[in-house]
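Input: a single structure, listed below in structure tokens.
Any read-out appearing in this document is the output of simple, stated calculations on the displayed coordinates, not a laboratory observation. Please read these numbers as outputs of a predicted model, since none were measured by experiment. With ideal geometry, Cβ positions are generated from the backbone for all residues, glycine too; neighbour counts draw on all protein chains shown.
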Amino acid sequence: MLGLNNAAIYIVQTLGSLYLLIVMLRFILQLVRADFYNPLSQFAVRATQPLLRPMRRIIPSLFGLDMSSLVLAILVQMLVMALTLLLAYGTTGNPLQLLIWSLIGVTALFLNIFFFALIISVILSWVAPGSHNPGAELVNQICDPFLAPFRRLLPNLGGLDISPILAFMAIKLIDMLVINNLAAMTGMPEILRLLM
């Protein structure tokens, strides 16, 4: 029975995390005003539209942010965490605690998306600079607004852009000092920390 529970937890976490990633990508793509007609943007829109369409009737945008995408991400994270806890311990836990853990998890995913987008951007700048691949363009559209404050801080180094180094440091510091500490302070179980 333990093996079946572990398999079920694996399936729930994998499929739930994949859909959560798509929902967060949709939120981030709208946040950075990425190209809506990019094929990868269209994929995110089509994959999330069935759940977001009814939510948009209830949840308005706020300051130009698509709050329904963010609420959907939190709800998906809560559902994945609740199912994981149910399969692992036989209970879903306290709903308020699940909400707090979900907020922490969504914030961690938000930072991870930028972290991995930066890694891809740096690799692409070495391997295929100026590439017009839809994926490369989307990664650059995600990274550029995030790197802009760091680029303003740094002096011009003659074509060498070290702003991603500062961005990596900032993301990791926020992850270490804020996300991990909040997860520990709120008593998040280890099985849920693996989702972050």
Looking at segment 36-60, which of the residues that are among the polar types (S, T, N, Q) and out of contact with any Ser or Thr (no Cβ under 8 Å at 6 or more places or on another chain) is farthest from Leu138 (Cα to Cα)?
Gln49
Assess whether Leu29 counts as being closer than 26 Å to Phe146 by Cβ, in a helix (DSSP H, G or I), without any contact (Cβ under 8 Å) to a residue 12 or more places away in the chain and within 16 Å of the chain's Cα centre (by Cα).
no
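Per-residue answers, yes or no, for (1) surrounded by 16 or more Cβ atoms within 10 Å (Cβ to Cβ); (2) over 15 Å from the mean Cα position of the chain (by Cα):
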site	(1), (2)
Phe110	yes, no
Pro129	no, yes
Arg152	no, yes
Asp161	no, yes
Ile171	yes, no
Asn180	yes, yes
Glu190	no, yes
Does Ser68 fit the bill of being of a type outside the set (Lys, Arg) and surrounded by fewer than 16 Cβ atoms within 10 Å (Cβ to Cβ)?
no
Looking at segment 138-168 only, could you name the residues that are assigned to a helix (DSSP H, G or I) and among the aliphatic types (A, V, I, L, M)?
Leu138, Val139, Ile142, Leu147, Ala148, Leu153, Ile165, Leu166, Ala167
Return a yes/no flag: does segment 142-154 have any residue that is under 25 Å from Val80 (Cβ atoms) and of a type outside the set (S, T, N, Q).
yes
Here the qualifying pairs (Cβ atoms under 8 Å; residues six or more apart or on different chains; first in segment 116-133 and part of a helix (DSSP H, G or I); second among the acidic types (Asp, Glu)) come out as Ser125/Asp161
